[in-house]
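Following: one structure in structure tokens, then a few remarks.
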Amino acid sequence: MDANVRQNHQAPTAMVESGMLSSRERNAMDADLLRRIVFYLILAVAAALAALEVTLARGGDSSAKQEAPWTSPLSEMDGALARGDFSTAATARHKADLAALASPCWEGFLAVGDGALRLGEATEARSAMEPEARRAYLSAMVRARNARSLEGALRVTDAFARLGDHDLVEHGVRIARELAGSDEKAMDRVDEFVQHWAGGERSSNVRFQ
């Protein structure tokens, strides 16, 4: 009788201990799973950081940068001009214009303006394309000024000078001087530009203040 009572008391105790062991095992498994998840997350973050570093390094390399969106249409225009396909050339120049419009960079409209002049010369209608070039150069100047790019301001002013548009050349020089500010090297660049265009045969087309 006593033996039966002791056996009955031991059975629940064994069941409880068995249940406690199972719970501990489950906790251990959960902890192990959590460690694995954290480990793989750390590996994923490390891989992402490595990829970002490579991307930034390529971004600093000009050779790895993507081609400007207006470059391909202008190349298409030049190829069409070489074939004498003026209709395709005009369409390609329009595509380049739209690409430049979508970009905040001054380089796009400067290239489009130059392209308009090439199209005009190839079709023997340069005078008809000069307003298009002037419009593109003005857009380029706005972008250069917004970007506070002295390089852009001088290159666009150079384009105005090649057009013989002395009013816009003066305007461009004023913007360049504004961007140069009190930087002596920048001011020297503007002065050199003025001296370059104030001398030689081209001085008859432009004037400076």
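Each of 177, 93, 148 was scored by other Cβ atoms within 10 Å of its Cβ. Listed from fewest to most, they are 148, 177, 93. Other residues whose C-beta falls under 9 angstrom from the C-beta of residue 73 contribute a net charge of 0, scoring Lys and Arg +1 and Asp and Glu -1. Our estimate of slack between residue 187 and residue 127, defined as 0.36 nm per intervening residue step minus the Cα-Cα distance, is 18.2 nm. Using the Cβ of residue 134 as centre and a radius below 13 Å, the other residues enclosed give a net charge of -2, where K and R count +1 and D and E count -1.
The fewest-to-most ranking of 184, 130, 121 by surrounding Cβ atoms within 10 Å reads 184, 121, 130. Using a simple spin-label model with pseudo-atoms 7 Å out from Cα toward Cβ, residue 72 and residue 91 lie 1.6 nm apart.
Pairs of Cα atoms nearer than 8 Å and 6+ residues apart set the relative contact order; for the stretch 71-204 it is 15 percent.
Each value in this text was obtained by applying a stated rule to the coordinates, not by laboratory testing. All figures in this text were calculated on a predicted structure; none of them were measured in a lab. Methodologically, a virtual Cβ is constructed for each residue, glycine included, from the backbone with ideal geometry; neighbour enumeration extends over all protein chains shown.
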